[in-house]
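Novice: Pasting a structure here, questions to come.
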Amino acid sequence: MIKCVDLFSGCGGLSLGFEKAGFIVVAAYDNWQPAIDVYQENFSHSIKKLDLTNEAKAVEDISFHNPELIMGGPPCQDFSSAGKRDISLGRADITYHFANIVCAIKPKWFVMENVEQIKKSHILQDIVFQFIEEGYGLSSVILDASYCGVPQARTRFFLVGHLGDKHNQLNGILSARLSDKPMTIREYLGDSLGIDFYYRHPRNYNRRGVFSIDEPSPTVRGVNRPIPSGYKLNKCDPEGVNLSEIRPLTTIERSYIQTFPKTFKFHGTKTNLEQMIGNAVPVELAKYLAESINIYSNNGAMKESMLFDLDEIFEMPNKALHRTTKNIMAKKRLF
């Protein structure tokens, strides 16, 4: 079992997913007290409030746990389409701190999660070169969570490093394990929500706001607004919808879409809970990634059979692979 530490842990989506895959999470770190309080309520290991921009303190504290894997999702607002996409605001610099901490401690593995827009930033190129110089073999992938056991069309970028290894070793495994079709809310939760349609506030009114539970949810964001009194059905909204019967998902229902179990305990203000749930890595997506690392680490026969040529991946008549893999893995390129 691989012993790991979770940085920028939030309320614990990444931690819980890795635990479900059999990893041992020994410690977590965050700097936002509301998320720390929720994390403490749900995990037996420690979480420490620490400003991870203080690299010397972070390296000293994290090294005490002797982790074999360091994982984390550095704050992504400056890369995200939901934010201002302005890396000059300074939050994106935290990605450098994550890389510096990993390279100072040099665990056997690391996992970094972020929004896919990070691929357009020079910051990703900078840290990739840094990791390579420290001897990490890197695999990068953009995963659509709805093909990974999550009822949500949420795409996220993952960079996985394995010390002393070749590049792109995990790509075949990650791609081959994708579902043939996206998961819907009804497939995941059945009829437990008691609704067939719900409202999710669009970023602008040129976009749809009403969705069916017979499709994946759109990305769960950190805001959750009621349907406006003057909302008019968009041409892309489902037909035959009675707006008087439409409501947004509740805060807790949104945690289910993020695949937190119903036993997971949330407490705090609605605003804080919406933010921490929206920021979380879906639990089942984290589990999917962790299981792929386990397959590579523990099953040599499977590992070898999955490492087919990327051209073969591109030719596979698999809708999920076409959507998720073809656009993210160029032959002989790392990202």
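Novice: Residues 239, 253: which one is outside any loop (DSSP other than H, G, I, E, B) and either among the acidic types (Asp, Glu) or in contact with a strand residue (DSSP E or B) (Cβ under 7 Å, 6 or more places away or on another chain) (or both)?
Specialist: 253
Novice: Sticking with this one: Which one is nearest to residue 112 (Cα to Cα), of the residues in region 29-48 that are aliphatic (A, V, I, L, M) and in contact with a Gly (Cβ under 7 Å, 6 or more places away or on another chain)?
Specialist: Within region 29-48, the match that is nearest to residue 112 (Cα to Cα) is 35.
Novice: Looking only at region 132-175, which residues are in contact with a helix residue (DSSP H, G or I) (Cβ under 6 Å, 6 or more places away or on another chain), more than 30 Å from residue 211 (Cα to Cα) and surrounded by fewer than 20 Cβ atoms within 10 Å (Cβ to Cβ)?
Specialist: Once the filter is applied, which keeps residues that are in contact with a helix residue (DSSP H, G or I) (Cβ under 6 Å, 6 or more places away or on another chain), more than 30 Å from residue 211 (Cα to Cα) and surrounded by fewer than 20 Cβ atoms within 10 Å (Cβ to Cβ), region 132-175 yields only 134.
Novice: Right, something else. For residues that are assigned to a loop (DSSP other than H, G, I, E, B), aliphatic (A, V, I, L, M) and either within 15 Å of residue 147 (Cα to Cα) or touching a strand residue (DSSP E or B) at 6+ places or on another chain (Cβ under 6 Å) (or both), tally how many sit in region 174-219.
Specialist: 2
Novice: Go through (1) part of a strand (DSSP E or B); (2) modelled with pLDDT under 95 and name the single condition residue 158 misses.
Specialist: Of (1) part of a strand (DSSP E or B); (2) modelled with pLDDT under 95, only one is false for residue 158: (2).
Novice: Find all pairs meeting these conditions: Cβ atoms under 6 angstrom apart; at least six residues apart or on different chains; first residue within region 209-233 and closer than 26 Å to residue 269 by Cα; second residue at pLDDT 90 or above and exposed (fewer than 12 other Cβ atoms within 10 Å of the Cβ).
Specialist: If the second residue must be at pLDDT 90 or above and exposed (fewer than 12 other Cβ atoms within 10 Å of the Cβ), no pairs are left.
Novice: Moving to a separate point now. Restricted to region 126-160, and to residues that are closer than 18 Å to residue 94 by Cα and without any contact (Cβ under 8 Å) to a residue 60 or more places away in the chain, which residue is nearest to the chain's Cα centre (by Cα)?
Specialist: Step by step, filter region 126-160, then rank; the result is 157.
Results for (1) within 29 Å of residue 108 (Cβ to Cβ); (2) of a type in the set (Lys, Arg); (3) modelled with pLDDT of 90 or more, shown as yes or no for each residue.
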position	(1), (2), (3)
241	no, no, yes
247	no, yes, yes
250	no, no, yes
271	no, no, yes
295	yes, no, yes
300	yes, no, no
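Novice: Name the single residue, out of those in region 26-63 being touching a Lys or Arg at 6+ places or on another chain (Cβ under 8 Å) and in a strand (DSSP E or B), that is surrounded by the most Cβ atoms within 10 Å (Cβ to Cβ).
Specialist: Here the residue is 28.
Let's see how each residue does on (1) of a type in the set (D, E, K, R); (2) at pLDDT 95 or above; (3) not in a strand (DSSP E or B):
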| residue | (1), (2), (3) |
| --- | --- |
| 77 | no, no, yes |
| 85 | yes, no, yes |
| 94 | no, no, yes |
| 98 | no, yes, yes |
| 102 | no, yes, yes |
| 110 | no, yes, no |
| 117 | no, no, yes |
| 128 | no, yes, yes |
| 132 | no, yes, yes |
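Novice: For region 256-283: of the residues being among the small types (Gly, Ala, Ser) and assigned to a loop (DSSP other than H, G, I, E, B), which is surrounded by the most Cβ atoms within 10 Å (Cβ to Cβ)?
Specialist: For region 256-283, the residue satisfying everything is 280.
Novice: What is the residue count in region 246-296 for residues that are free of Cβ contacts under 8 Å to residues at least 12 places away in the same chain and of a type outside the set (Ser, Thr, Tyr)?
Specialist: Counting residues in region 246-296 that are free of Cβ contacts under 8 Å to residues at least 12 places away in the same chain and of a type outside the set (Ser, Thr, Tyr) gives 1.
Novice: Considering region 207-250 alone, what residues qualify as being basic (Lys, Arg), within 26 Å of residue 116 (Cα to Cα) and in contact with a helix residue (DSSP H, G or I) (Cβ under 9 Å, 6 or more places away or on another chain)?
Specialist: Across region 207-250, the qualifying residue is only 221.
Novice: Within region 208-227, can one find any residue that is surrounded by fewer than 15 Cβ atoms within 10 Å (Cβ to Cβ), farther than 19 Å from residue 252 by Cβ and within 24 Å of the chain's Cα centre (by Cα)?
Specialist: Checked against the condition, which is being surrounded by fewer than 15 Cβ atoms within 10 Å (Cβ to Cβ), farther than 19 Å from residue 252 by Cβ and within 24 Å of the chain's Cα centre (by Cα), region 208-227 yields at least one hit.
The values are calculated or read from the model by the stated rules, or taken from the named source; none is laboratory data. Since this is a predicted model, take the numbers as computed values, not measurements. Note: ideal-geometry Cβ built from the backbone for every residue, glycine included; neighbour counts use all protein chains shown.
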